[in-house]
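Here's the structure we're looking at; comments come further down.
The values are calculated or read from the model by the stated rules, or taken from the named source; none is laboratory data. Computed from a prediction, not measured in an experiment: that's the story for all the values here. Note that each Cβ is placed from the backbone with ideal geometry, even for glycine, and that neighbours are counted across all protein chains shown. Each accessible area value is taken on the protein alone, full model and side chains, heavy atoms only, with ligands, DNA and RNA left out. Shrake-Rupley method; radii C 1.70, N 1.55, O 1.52, S 1.80 Å.
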Amino acid sequence: MNIQAWDEIYGEKNRENLQAFLESQTDSYAILQLKRTDETVEDRFMRYSWLENHGREPEFDHYDVVYVGELSSGTELEDIFVKFNVDHPQDFRGHSLSVSDIVALKRAGVVTCHYTDSIGFRDITGFIPENYLRNAEMALEDDYGMIDGVLNNGRRQEPESETREMRGEKHGQGYGADSGHEERSSVLEKLKNTQPSDHVPNQPKPSRERGLE
């Protein structure tokens, strides 16, 4: 089966899961696994270094979003790896999280993607096409002037006169700080400031030595 035939059969569910992840109002994660097609046979369970050595990189169209869940505070990539190997959610229908799978995280509206490698994870940029992120942002934002790469970063600004009146800031009164305003940096700035996790779960981790160089 090729990618197109697979999408005709399973594509709708994949699109629904992707939309649920990108448009989630809370922090969330998504598990992406390779479609079972002729085009993905060589890539299954391969280390990232194997892809690099063959001039390849993960292709978004080769993956299905097989699960979407809420990302609890303090949950790290290694916690997700353990969960999807030893404590599968009852509604999870994919295989145990393995090399070549991708975990996407959305924290504070910022989406990052991480390739499951033989040891640890490899951060990958530009994996989800820009049009998917932009469409999701347009669905969440009520002000197209705020289309900036951060999903759901708030309401459109109110007219200046109305805003001042609501804050009691006219008739000579000073302009105080708006406690309801939360500044958010762009995706690029947040990614620059993201530090690699050194979290190591207490629970023993399953072996991942499944890739081939």
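Among the listed residues 103, 66, identify the single one that is at pLDDT 95 or above, touching a His at 6+ places or on another chain (Cβ under 6 Å) and either outside any loop (DSSP other than H, G, I, E, B) or closer than 22 Å to residue 3 by Cβ (or both).
Result: 103 is the single residue among 103, 66 that is at pLDDT 95 or above, touching a His at 6+ places or on another chain (Cβ under 6 Å) and either outside any loop (DSSP other than H, G, I, E, B) or closer than 22 Å to residue 3 by Cβ (or both).
Out of all the residues in the stretch 77-88, which are in a loop (DSSP other than H, G, I, E, B) and exposed (fewer than 15 other Cβ atoms within 10 Å of the Cβ)?
87
Please work out which one of (1) part of a helix (DSSP H, G or I); (2) polar (S, T, N, Q); (3) in contact with a Gly (Cβ under 6 Å, 6 or more places away or on another chain) is the condition residue 40 fails and give its number.
The failed condition is (3).
Among the residues of the stretch 111-139, write down those that are part of a strand (DSSP E or B), buried (at least 21 other Cβ atoms within 10 Å of the Cβ) and among the β-branched types (Val, Ile, Thr).
Selection gives 111, 116.
Inspect the stretch 27-37 for any residue being open to solvent by 70 Å² or more (accessible area, probe 1.4 Å) and of a type outside the set (Phe, Trp, Tyr) and give the result as yes or no.
Yes: the stretch 27-37 contains one or more residues that are open to solvent by 70 Å² or more (accessible area, probe 1.4 Å) and of a type outside the set (Phe, Trp, Tyr).
What are the residues in the stretch 99-108 that are surrounded by fewer than 20 Cβ atoms within 10 Å (Cβ to Cβ) and among the small types (Gly, Ala, Ser), if any?
Matches in the stretch 99-108: 108 only.
Go through the stretch 1-26 and give me each residue that's small (Gly, Ala, Ser) and surrounded by fewer than 16 Cβ atoms within 10 Å (Cβ to Cβ).
Listed by number, the residues that qualify are 5, 11, 20.
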